[in-house]
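As structure tokens, the structure follows; a few thoughts come after it.
The values are calculated or read from the model by the stated rules, or taken from the named source; none is laboratory data. Just so it is clear, the model here is predicted, and its values are computed rather than measured. No Cβ is skipped: glycine too gets one built from the backbone with ideal geometry, and neighbour counts run over all protein chains shown.
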Amino acid sequence: MTINSLPQDTVLPAPGIPAQRTEELGLRESATFDRATIADIQRAAATGVYDIRGWGAKRKVPHFDDLLFLGASMSRYPLEGYREKCDTDVVLGDRHASRPLHLQTPVTIAGMSFGALSANAKEALGRGASEVGTSTTTGDGGMTPEERGQSKHLVYQYLPSRYGMNPDDLRKADAIEIVLGQGAKPGGGGMLLGQKITERVAGMRTLPVGIDQRSASRHPDWTGPDDLEIKIGELREITDWKTPIYVKIGASRPYYDTALAVKAGADVVVVDGMQGGTAATQQVFIENVGIPTLAAIPQAVQALQELGLHRKVQLIVSGGIRTGADVAKAMALGADAVAIGTAALIALGDNDPRYAAEYAALGSAAGFYDDFQDGRDPAGITTQDPELSSRLDPVAGGRRLANYLRVLTMEAQTIARACGKSHLHNLEPEDLVALTIEASAMARVPLAGTSWIPGAK
Amino acid sequence: MVTLTAPETTAPTTTIDLAGSPVRDLNQALHNAIDGQAWTVTSPGGKHSLAVGIDADISVAIKGHAGYYAAGMHKTGTVTISGNAGVGLAENIMSGKVHVKGDASQSAAATGHGGLVVIDGNAGARCGISMKGVDIVVGGNIGHMSAFMAQAGRLVVCGDAGEALGDSIYEARIYVKGSVASLGADCIEKPMNIEHLEELEGLLAAAGRTDDPADFKRYGSARNLYHFSVHNSASY
């Protein structure tokens, strides 16, 4: 969506009246029927189709911003910044796989497909991730030579559509991620609109060029956790028990889903909250289905702890990770690693103000652009257009991503040292307090200045 | 514990008895196999993931029933099952041949990209779901929702087809000799032209069948749902 998906508090000029004048005139905007809502209704009435867009939930939900760390003081010793060691490495998948991943930073790159993204963007993600020793992930469209070639650690997604799925790539993968859902649309399949189904994308997906493509929402050959256990067994047999197997869920019932994934034999569980991005989904789905990342983590951790497998089956959390503080908070709540998608694209150049004029021409603005389904991305990332794609230099993009990943890691270390932790994994819920009652209840850490956790027994 | 002696190219078949050795040993042996070898699996006992991920031009004969995902992700060579097969037979097959002499459960040849899957008996629901180039020949009937979202390849049914055949089908072609309980969204009957009769004749011959191509009807995509349109909302 373009102009009608601006956040509620954005002051837009009413037609014929300059923005600052609406307040001076004492015009009262409806909280229920705000301008974005009015524009949505008008757009629906004009077109007869629902709005499809990229990104994750844009509504405000309780998030990591609502948590604070309790730094060391009298009763806790801090570690010296720049001197004392604070390790960041993580091993993923050592429960059953003989070749687990050993990453240098717990910040990984989430699954994004070639098709949704350009080949240059996929290559840039691989380059950036490899430079800092972390993993990148394929998406709903198969593995490209560009990303396999540039990714030291490549996670191969196993999706309902099975586009481009083949045993050769499966054997080449460093890990396999069975995708049940994603945070932006738990219970939804994928879609890729015709503008992006070029000859190469169509070939990889065995589809006619230019059609609006729907990806299945259910796996074609298994249903439920008992089948999943057998499916995981098959993938392990094909890969001779070498390759770690992740199970990715969109956050809706993470307590049960995590427990069932573990019982089905997952080495790693990936939980994606509703702020996690998508390349193209109905806005009504993105904004109204699923739960916030903050609410999902403690539920997943509880399931792992009750099974006695916390830290043995690793938990990767995604959905709205932007800063090293977010990384540290997710890990303090019990995650072993995190994944970034939207933030990685921004690091590559998505929504860069340098393309302001072009965003305006598309009816959007830098900072608001989410029409990833359209294939007209001025930054050359969410497109298959050769001219637009060529704007993203994969080497320079990879360098920007590596810079950003280093910053995230160093920021998380800064906080961990302040809390006296010699490894990011030593962060714990006890290091956190919440700023709001909602965040306190969801994250299960006390409201700041109190010992109160709403709902705690 | 299985004792494996690497068979010479001309040597007789190597037999693995699953009554006494785990599936892991079988699959590892098959992954280490070299072109031209022949293997026999006895006492399969309906175990899952038998002969999955084969990557060499070998022949494997399974003497009995197989569980889920038999010959999954098959790439080269031939797997023959003298019994029934469970869910997801030859799922995501790339090439080569998988032959079941009995019946197959649901999702047979799901997402197969190539090769030939022959089921002498009946197949359950969702046969050929999301097929991407595989050829499937079923001697008996197939269950409901078969060829759902089928993208490419050919599905031949010598018996009857269940409800919602070919729902949301893309470019796969379906040939049915018997009755079709109902067609799914965007799937229609199409004329049998000479090229289709020839194609079907070849598929039946490859499956070792003697059915007459002239007795079949052809089904495929009406291509009305290839682009999102408000006018299609009642079709789903």
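Per the conditions (1) at the interface with another protein chain (Cβ under 10 Å from one of its Cβ atoms); (2) touching a Pro at 6+ places or on another chain (Cβ under 9 Å); (3) of a type in the set (D, E, K, R), the sole criterion not satisfied by A:Asp174 is (1). When the stretch B:155-192 is filtered for residues that are part of a strand (DSSP E or B) and buried (at least 24 other Cβ atoms within 10 Å of the Cβ), the ones remaining, listed by number, are B:Leu155, B:Val156, B:Val157, B:Ala161, B:Leu165, B:Ile174, B:Tyr175, B:Val176, B:Cys187.
Between A:Asp51, A:Asp66, which is at pLDDT 90 or above, within 31 Å of the chain's Cα centre (by Cα) and either within 14 Å of chain B (Cβ to nearest Cβ) or at positive phi (or both)? Every option except A:Asp51 fails the conditions. Quick check, is B:Glu198 in a strand (DSSP E or B) and surrounded by fewer than 19 Cβ atoms within 10 Å (Cβ to Cβ)? So B:Glu198 fails the test. If we keep just the residues of the stretch A:224-239 that are at the interface with chain B (Cβ under 9 Å from one of its Cβ atoms) and free of Cβ contacts under 8 Å to residues at least 60 places away in the same chain, which is surrounded by the fewest Cβ atoms within 10 Å (Cβ to Cβ)? Restricting to residues being at the interface with chain B (Cβ under 9 Å from one of its Cβ atoms) and free of Cβ contacts under 8 Å to residues at least 60 places away in the same chain, the top hit is A:Asp227.
Among the residues of the stretch A:414-428, those that are charged (D, E, K, R) and either in a helix (DSSP H, G or I) or more than 24 Å from the chain's Cα centre (by Cα) (or both) comprise A:Arg417, A:Lys421.
Of all residues in the stretch A:357-367, which are over 14 Å from A:Thr382 (Cβ atoms) and part of a loop (DSSP other than H, G, I, E, B)?
We begin by selecting, within the stretch A:357-367, every residue over 14 Å from A:Thr382 (Cβ atoms); these are A:357, A:360-361, A:363, A:365-367.
Within the stretch A:357-367, A:Gly363, A:Ala365, A:Ala366, A:Gly367 qualify.
Number of residues in the stretch B:180-236 that are on the phi > 0 side of the Ramachandran plot and in contact with a Ser or Thr (Cβ under 8 Å, 6 or more places away or on another chain): the value is 1.
Whenever a residue of the stretch B:85-96 is more than 9 Å from every other protein chain (Cβ to nearest Cβ), its partners that are among the β-branched types (Val, Ile, Thr) and crowded, with 23+ Cβ neighbours inside 10 Å, lying with C-beta atoms within less than 6 angstrom and at least six residues away or across chains, give the pairs B:Ala85/B:Val100; B:Ala90/B:Val98; B:Ala90/B:Val117; B:Ile93/B:Val134. Among the candidates A:Ala129, A:Ala216, A:Ala184, the residue that is part of a helix (DSSP H, G or I) and crowded, with 18+ Cβ neighbours inside 10 Å is uniquely A:Ala129. The single residue among A:Thr10, A:Thr22, A:Thr2, A:Thr88 that is at pLDDT below 95 and surrounded by 18 or more Cβ atoms within 10 Å (Cβ to Cβ) turns out to be A:Thr2. Check B:Gly114, B:Gly128, B:Gly46 and return the single one that is touching a residue at least 24 places away in the same chain (Cβ under 8 Å), surrounded by fewer than 24 Cβ atoms within 10 Å (Cβ to Cβ), within 13 Å of chain A (Cβ to nearest Cβ) and within 11 Å of the chain's Cα centre (by Cα). Checking each option against the conditions leaves just B:Gly114.
Quickly run through the stretch B:49-76 and pick out the residues that are among the β-branched types (Val, Ile, Thr) and crowded, with 21+ Cβ neighbours inside 10 Å.
Of the stretch B:49-76, the ones among the β-branched types (Val, Ile, Thr) are B:52, B:54, B:58, B:60, B:62, B:76.
Matches in the stretch B:49-76: B:Val52, B:Ile54, B:Ile58, B:Val60, B:Ile62.
Listed by first and then second residue, the pairs linking a residue in the stretch B:163-175 that is in contact (Cβ under 8 Å) with a residue 12 or more places away in the chain and over 20 Å from B:Glu199 (Cα atoms) to a residue that is assigned to a strand (DSSP E or B) and of a type in the set (Ser, Thr, Tyr), with Cβ atoms under 8 Å apart and 6 or more places separating them unless they lie on different chains, are B:Leu165/B:Tyr219. In the condition set (1) modelled with pLDDT of 95 or more; (2) not in a helix (DSSP H, G or I), A:Thr383 is compliant with all but (1).
What do you reckon, is A:Thr206 more than 30 Å from B:Gly46 (Cβ to Cβ) and facing chain B (nearest Cβ under 7 Å)? Spelling it out, A:Thr206 is indeed more than 30 Å from B:Gly46 (Cβ to Cβ) and facing chain B (nearest Cβ under 7 Å). Restricting attention to the stretch A:150-170, the residues that are more than 8 Å from chain B (Cβ to nearest Cβ), aliphatic (A, V, I, L, M) and not in a loop (DSSP other than H, G, I, E, B) total 2.
Residue-wise test of (1) of a type in the set (Val, Ile, Thr); (2) touching a Ser or Thr at 6+ places or on another chain (Cβ under 7 Å); (3) surrounded by fewer than 15 Cβ atoms within 10 Å (Cβ to Cβ); (4) over 26 Å from A:Asp336 (Cβ atoms).
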site: A:Leu392; (1), (2), (3), (4): no, yes, no, yes
site: A:Thr409; (1), (2), (3), (4): yes, yes, no, no
site: A:Gln413; (1), (2), (3), (4): no, yes, no, no
site: A:Arg417; (1), (2), (3), (4): no, no, no, no
site: A:Gly420; (1), (2), (3), (4): no, no, no, no
site: A:His423; (1), (2), (3), (4): no, no, no, no
site: A:Leu432; (1), (2), (3), (4): no, no, no, no
site: A:Ala439; (1), (2), (3), (4): no, no, no, no
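On the given criteria, is A:Gln157 farther than 25 Å from A:Gly56 by Cα and under 20 Å from the mean Cα position of the chain (by Cα)?
Values: farther than 25 Å from A:Gly56 by Cα: no; under 20 Å from the mean Cα position of the chain (by Cα): yes.
Here the answer is no, as A:Gln157 does not meet what is asked.
Give me the residue from the stretch A:187-203 that is more than 9 Å from every other protein chain (Cβ to nearest Cβ) and touching a Lys or Arg at 6+ places or on another chain (Cβ under 9 Å) and, out of that set, surrounded by the fewest Cβ atoms within 10 Å (Cβ to Cβ).
Within the stretch A:187-203, the first condition is being more than 9 Å from every other protein chain (Cβ to nearest Cβ), and the residues that meet it are A:187-190, A:192, A:195-203.
Now restrict to residues that are touching a Lys or Arg at 6+ places or on another chain (Cβ under 9 Å): A:189-190, A:192, A:195, A:197.
Numbers: A:Gly189: 17, A:Gly190: 26, A:Leu192: 29, A:Gln195: 15, A:Ile197: 22.
Restricting to residues being more than 9 Å from every other protein chain (Cβ to nearest Cβ) and touching a Lys or Arg at 6+ places or on another chain (Cβ under 9 Å), the top hit is A:Gln195.
Annotation note: Cβ proximity below 8 Å between a residue of the stretch A:366-386 that is closer than 10 Å to A:Ala121 by Cβ and a residue that is basic (Lys, Arg) (sequence gap 6+ or interchain) occurs for A:Ala379/A:Arg391; A:Gly380/A:Arg391; A:Thr383/A:Lys196; A:Thr383/A:Arg376.
With more than 14 Å from chain A (Cβ to nearest Cβ), under 30 Å from B:Arg223 (Cα atoms) and either in contact (Cβ under 8 Å) with a residue 12 or more places away in the chain or among the small types (Gly, Ala, Ser) (or both) as the only criterion, which of B:Ile62, B:Ile136, B:Ile119 stands out? I'd like the intermediate steps shown before the answer.
Numbers: B:Ile62 fails: under 30 Å from B:Arg223 (Cα atoms); B:Ile136 fails: more than 14 Å from chain A (Cβ to nearest Cβ).
None of the other options fit; the residue is B:Ile119.
Can you name every residue in the stretch A:240-252 that is within 14 Å of another protein chain (Cβ to nearest Cβ) and hydroxyl-bearing (Ser, Thr, Tyr)? Of everything in the stretch A:240-252, just one residue is within 14 Å of another protein chain (Cβ to nearest Cβ) and hydroxyl-bearing (Ser, Thr, Tyr), namely A:Thr243.
Applying the set (1) surrounded by fewer than 24 Cβ atoms within 10 Å (Cβ to Cβ); (2) within 14 Å of another protein chain (Cβ to nearest Cβ) to A:Gln104 leaves exactly one unmet item: (2).
Beta carbons closer than 8 Å, at least 6 apart along the sequence or on distinct chains, pair a first residue in the stretch B:18-32 that is within 11 Å of another protein chain (Cβ to nearest Cβ) with a second that is of a type outside the set (Lys, Arg) and in a helix (DSSP H, G or I) for B:Val23/A:Glu237; B:Arg24/A:Glu237; B:Asn27/A:Glu237; B:Asn27/A:Ile238. Of all residues in the stretch A:167-190, those that are farther than 24 Å from A:Gln275 by Cβ have Cβ atoms under 8 Å from Cβ atoms of residues that are modelled with pLDDT under 95 and of a type in the set (D, E, K, R), 6 or more apart or on another chain, in A:Asp169/A:Arg148; A:Lys172/A:Arg148.
A residue that is in a loop (DSSP other than H, G, I, E, B) and out of contact with any helix residue (DSSP H, G or I) (no Cβ under 9 Å at 6 or more places or on another chain) occurs nowhere in the stretch B:48-55.
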